[in-house]
Amino acid sequence: MNRLIDATHDPALRSWVESANAPDSDFPVQNLPLGRFRLAGADEPLRCGVAIGDQVLDLQLALQLSPWPDGVPELLAPLAAGELAAFMALGRPAWKALRAALSAALAEGSDTAPFLELCLLPQAQAAMALPCRVGDYTDFYTGIHHALTVGKLMRPDHPLLPNYKWVPIGYHGRASSVTLGGPVTRPRGQTRSSGDTPHFGPSQRLDYELELGLWVGVGNELGTPVPMAQAEERLFGVTLLNDWSARDLQGWEYQPLGPFLAKNFSTMVSPWIVSFEALAPFRRPFTRPAGDPQPLPYLDSEFNREAGALDIRLEVWLQTARMRELGLPAQRLSHSNALDAYWTPAQLVAHHTSNGCNLATGDLLGTGTLSGPLPAQGGSLLELSAGGRQPLTLPGGETRTFLEDGDTVTLRAFCAAPGAVRIGLGSVSGTVLPA
Ligand code: CA
C-alpha cells in the first residue's frame, strides 16, 4: 500500500491558498479533485477546475497565465478546453503527472503562486456541471448490510440470495437522468397494496440511497475483459451518488426483470471527482468474514487483498421544509463506511467486463447502498424506518418514514486516518418537489 503514497500525500504539505489548510476542509492540497464549472450566471462554455480550499483553480486561465514544467501544458490542454473526459481517457500516468504538477504549484513556496492567484474563483461563484457526459450507468449492490436488512424485510428466513457472496450483483441503470444536486420531482407511477387493484399516482414511499459513484477513465474493447491486475487502472475517481428510489413503485414492478421506473427518474452525483491517487492513504485490505467464500480467481489479486478496499466515511443529512422555516439545521440521519462494501472497485470493473462487456470513458458505476452493520447505520430510509414501520423523529417534532415534499437530503463523505491529512468528497443535495 505504501507504494501508492508519494510526495503529494505528505501531511506536512500546506497550500498558499489559506482556506485549504483548515483542518475540516474537504479540499486540502493533498486532495486536488477535478470538476467542470462556469462562472455562476454567465453564458459561457464550461471549463475544468481543481477544488482547493473554498476556491476553484481555473485550469483554462492557469494554462494561459502561469508557466508550467515541460509536458504539463499538454496535460492541461483538454482541461483548459473543458473536456474533462478527454483527460480521463489519458490514463493513470497522465493523471499522476498532472497531480504532481498541481501539488507543486498549489503548495506553499510555489514560485508560480503569483500567477495562479489570478486564476482562483471562489467556489460560491462557480456553477458546477456534470464532470462529463455520463456514458452508461450501472448500479451494483455491494452493501452487504443493506442487502441483509432489505432482504430480511422480504425474506426473514433467508435474507441473502445464494448468489450474493459469489457474484457482484448489479443492473444497468439510466444515464440520462444522472444530474448534480438540485430538485427531484416526486415520481408518479403504478403501485399496488397487497391484493388491491393497482393504482397510478405519486409515490408514497420516496427514498434516497447513500452510494459512491466510480467514474471510468479508460475503457476496454468489446470482447476484451479487464483482468483484476489492470482493473483499478481503468477508474479515474470517485464521487458521492444518491440513487433516488420509489419503494412502492419498486415493490410492484421489479419482478422478474429488476429495477426500472422506481429508479430511473433521478440519480444525483457530487461535482468533484476525487482521484484514486488522492485516496492512496485511505486504502485498506480487502477481507472476508470467517466462513464466507473467497472470491473466484478472476475476482482476486494480490493488490486487491493488500489494499483493494476504500476507507471512506459516509453521512446522510436531512432538513425538512419545516426545519428550514424554524431555522433548524440539517440533522444527520446516519453514518457508515465504504469499508462495508462486500466487493472492491477493482472487482466491480473485473466482473463487469468479465463477459467481454465494454466500459467506456465517462461510464458511471454505483456501488450500491453503503450501510453499516447497526440498524442506525442504514443508508436509506427503508432501513432506518424498518420498511416504514418505525418512524424517525426529527428536530422540531416531525416524524418520517419516507421522504415528504420539501425535504432536502444531503450526502457527505470524507477520509481520515492517522498520519494523513483529511480529504473530503464534498456533498450532493437534492430537494423533493411535489409530483
Ligand atoms: Ca442503488
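Just a few scattered comments:
- Scan of the stretch 377-403 for residues that are without any contact (Cβ under 8 Å) to a residue 40 or more places away in the chain and assigned to a strand (DSSP E or B), ordered by number: 393, 399
- Pairs with Cβ under 6 Å, 6+ apart, first in the stretch 102-121 and on the phi < 0 side of the Ramachandran plot and of a type in the set (S, T, N, Q), second modelled with pLDDT of 95 or more and not in a strand (DSSP E or B): 103/8; 112/66; 112/105
- Residue check: residue 143 meets all listed conditions (1) among the small types (Gly, Ala, Ser); (2) over 16 Å from the mean Cα position of the chain (by Cα); (3) within 24 Å of residue 273 (Cβ to Cβ) but one, namely (2).
- Every test in (1) under 17 Å from residue 137 (Cβ atoms); (2) out of contact with any Leu (no Cβ under 8 Å at 6 or more places or on another chain); (3) not in a strand (DSSP E or B) is passed by residue 288 save one, and that test is (1).
- Residue within the stretch 97-116 that is aromatic (Phe, Trp, Tyr) and either surrounded by 18 or more Cβ atoms within 10 Å (Cβ to Cβ) or in contact with a strand residue (DSSP E or B) (Cβ under 6 Å, 6 or more places away or on another chain) (or both) present: no
- Filter pass, residue 32 being in contact with a strand residue (DSSP E or B) (Cβ under 7 Å, 6 or more places away or on another chain), crowded, with 18+ Cβ neighbours inside 10 Å and assigned to a strand (DSSP E or B): no
- Scanning the stretch 298-323 for residues that are within 21 Å of residue 336 (Cα to Cα) and polar (S, T, N, Q) returns a single hit, 319.
- Considering each residue of the stretch 376-395 in turn, none proves to be of a type in the set (Val, Ile, Thr) and touching a helix residue (DSSP H, G or I) at 6+ places or on another chain (Cβ under 8 Å).
- Test: residue in the stretch 310-328 that is in contact with a strand residue (DSSP E or B) (Cβ under 9 Å, 6 or more places away or on another chain), over 29 Å from residue 220 (Cβ atoms) and assigned to a loop (DSSP other than H, G, I, E, B): yes
- Strands (runs of 3 or more DSSP E) fully within the stretch 169-282 counting 1 or more residues that are in contact with a helix residue (DSSP H, G or I) (Cβ under 8 Å, 6 or more places away or on another chain) and away from the ligand (no atom under 16 Å from the Cβ): 188-191, 210-216, 235-243
- Look at the stretch 218-245: where a residue is closer than 30 Å to residue 387 by Cα, no partner that is modelled with pLDDT under 95 and within 16 Å of the ligand (Cβ to nearest atom) sits 6+ places away or on another chain with Cβ atoms under 6 Å.
- In the set 363, 340, only one residue is among the acidic types (Asp, Glu) and touching an Asp or Glu at 6+ places or on another chain (Cβ under 6 Å); that residue is 363.
- Residue satisfying all of: in the stretch 69-114; among the charged types (D, E, K, R) and not in a helix (DSSP H, G or I); nearest to residue 44 (Cα to Cα) among these: 83
- For the residues 365, 333, 359, 394, the requirement of being in contact with a strand residue (DSSP E or B) (Cβ under 7 Å, 6 or more places away or on another chain), aliphatic (A, V, I, L, M) and within 16 Å of the ligand (Cβ to nearest atom) singles out 365.
- Some residue of the stretch 147-164 being outside any helix (DSSP H, G or I), more than 16 Å from the ligand (Cβ to nearest atom), over 24 Å from the mean Cα position of the chain (by Cα) and surrounded by 16 or more Cβ atoms within 10 Å (Cβ to Cβ): no
The values are calculated or read from the model by the stated rules, or taken from the named source; none is laboratory data. Every value quoted in this text rests on a predicted model; they were computed, and no experiment measured them. Reconstructed Cβ throughout: ideal geometry from the backbone, glycine too, with neighbour counts over all protein chains shown.
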